[in-house]
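Structure, as structure tokens:
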Amino acid sequence: MAKLVRIGLTGGIAAGKSTVARRWQKAEAVVIEADELAHRALEPGTPTWKSVVKEFGRALLNADQTINRTKLGEIVFRDEPKRLALNRIVHPAVLRMLTELLAECEREGRARFAVVTIPLLYEVGIEPDFDYVVTVACSEQTQLARLTANGLSEEQARARISAQWPMQKKMDRADFVIWNDSTRRTLSEQADIIWAIIKENYHAER
């Protein structure tokens, strides 16, 4: 069974992680989005959903019993203890699903590379689980501009930024850094260089 190369793709909110992941997906990687796993974990009736409803109340639910993520965000990004409580509920479920998916990918040999997009990779302490960690970063000014362009107020945007580790701290611990304060072309060029290095290392180790 060939070893699966596990690449953790992290960075600040609105820094461009998903764009890099899509590019690497075209270059033969399997991409797993931690945010998508969190959505699955919170589907109505799941143990995680029940725990969140118990913790935050049924006023959080839409008519179809799904969790209103906008309401949930308004609660947890205004209140640090509530945000930490949510993380304690959701993160274990996401990490279980992630572990199962990576094991399945390796067992079935569907790909040589798995890219996991996980914003809180360092915060949840799973850095050692990856062969490489890549941080996608940009200035806080750029983050604010992108988040407010997507409909958040400046106050909401700052709350989401401050809920994560400082960008520089993530950059300092990464194996590779992509700086995304410029054009999409510049982002793609950096992503391609890093991908080429990872592939070269993979073939050199075989």
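When the residues of segment 63-77 are narrowed to those that are outside any helix (DSSP H, G or I) and under 21 Å from the mean Cα position of the chain (by Cα), which ends up farthest from Glu43 (Cα to Cα)?
To start, the set of residues in segment 63-77 that are outside any helix (DSSP H, G or I) comprises 63-68, 77.
If we keep only those that are under 21 Å from the mean Cα position of the chain (by Cα) as well, we get 67-68, 77.
On the way: Ile67: 8, Asn68: 11, Phe77: 21 Å.
The extreme case among them is Phe77.
Cβ-Cβ contacts under 7 Å between residues 6 or more apart (or on different chains), taken from a first residue in segment 103-132 that is assigned to a loop (DSSP other than H, G, I, E, B) to a second residue that is acidic (Asp, Glu), are listed as Ala111/Glu28; Leu121/Glu127. Within the option set Asp172, Asp181, being surrounded by 12 or more Cβ atoms within 10 Å (Cβ to Cβ), more than 30 Å from Ala2 (Cα to Cα) and acidic (Asp, Glu) holds for one residue only, Asp181.
The rows are residues; the columns are (1) within 24 Å of Asp79 (Cα to Cα); (2) touching a residue at least 24 places away in the same chain (Cβ under 8 Å); (3) out of contact with any Lys or Arg (no Cβ under 9 Å at 6 or more places or on another chain); (4) not hydrophobic (A, V, I, L, M, F, W, C).
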residue: Ser139; (1), (2), (3), (4): no, yes, yes, yes
residue: Ala145; (1), (2), (3), (4): yes, no, yes, no
residue: Asn150; (1), (2), (3), (4): yes, yes, yes, yes
residue: Ser153; (1), (2), (3), (4): yes, no, yes, yes
residue: Lys169; (1), (2), (3), (4): yes, yes, yes, yes
residue: Ala174; (1), (2), (3), (4): no, yes, yes, no
residue: Val177; (1), (2), (3), (4): no, yes, no, no
residue: Arg184; (1), (2), (3), (4): no, yes, yes, yes
residue: Glu205; (1), (2), (3), (4): no, no, no, yes
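Go over the candidates Val90, Val116, Val94, Val134 one by one and state the one that is within 18 Å of Leu37 (Cβ to Cβ), among the hydrophobic types (A, V, I, L, M, F, W, C), at pLDDT 95 or above and touching a Phe, Trp or Tyr at 6+ places or on another chain (Cβ under 8 Å).
The conditions single out Val116.
Out of Ala41, Ala27, Ala15, one residue alone is touching a strand residue (DSSP E or B) at 6+ places or on another chain (Cβ under 6 Å) and surrounded by 14 or more Cβ atoms within 10 Å (Cβ to Cβ). It is Ala15.
Please tell me if Glu123 is modelled with pLDDT under 95, on the phi < 0 side of the Ramachandran plot and surrounded by fewer than 18 Cβ atoms within 10 Å (Cβ to Cβ). Give the steps one after another, and end with the answer.
Values: modelled with pLDDT under 95: yes; on the phi < 0 side of the Ramachandran plot: yes; surrounded by fewer than 18 Cβ atoms within 10 Å (Cβ to Cβ): yes.
The answer is yes for Glu123.
Restricting attention to segment 151-172, the residues being among the small types (Gly, Ala, Ser) and within 21 Å of Asn87 (Cβ to Cβ) number 4.
Answer yes if at least one residue in segment 46-56 is loosely packed, with under 13 Cβ neighbours inside 10 Å, within 29 Å of Ala21 (Cβ to Cβ) and out of contact with any Phe, Trp or Tyr (no Cβ under 7 Å at 6 or more places or on another chain), and no otherwise. Checked segment 46-56: at least one residue is loosely packed, with under 13 Cβ neighbours inside 10 Å, within 29 Å of Ala21 (Cβ to Cβ) and out of contact with any Phe, Trp or Tyr (no Cβ under 7 Å at 6 or more places or on another chain). Every condition in (1) free of Cβ contacts under 8 Å to residues at least 60 places away in the same chain; (2) assigned to a helix (DSSP H, G or I); (3) within 18 Å of Met97 (Cα to Cα) holds for Val53 except the one numbered (3).
The values are calculated or read from the model by the stated rules, or taken from the named source; none is laboratory data. Here the structure is a predicted model, which means the values were calculated and not measured. Cβ coordinates were reconstructed from backbone atoms using ideal geometry, including for glycine residues, and neighbour counts include every protein chain displayed.
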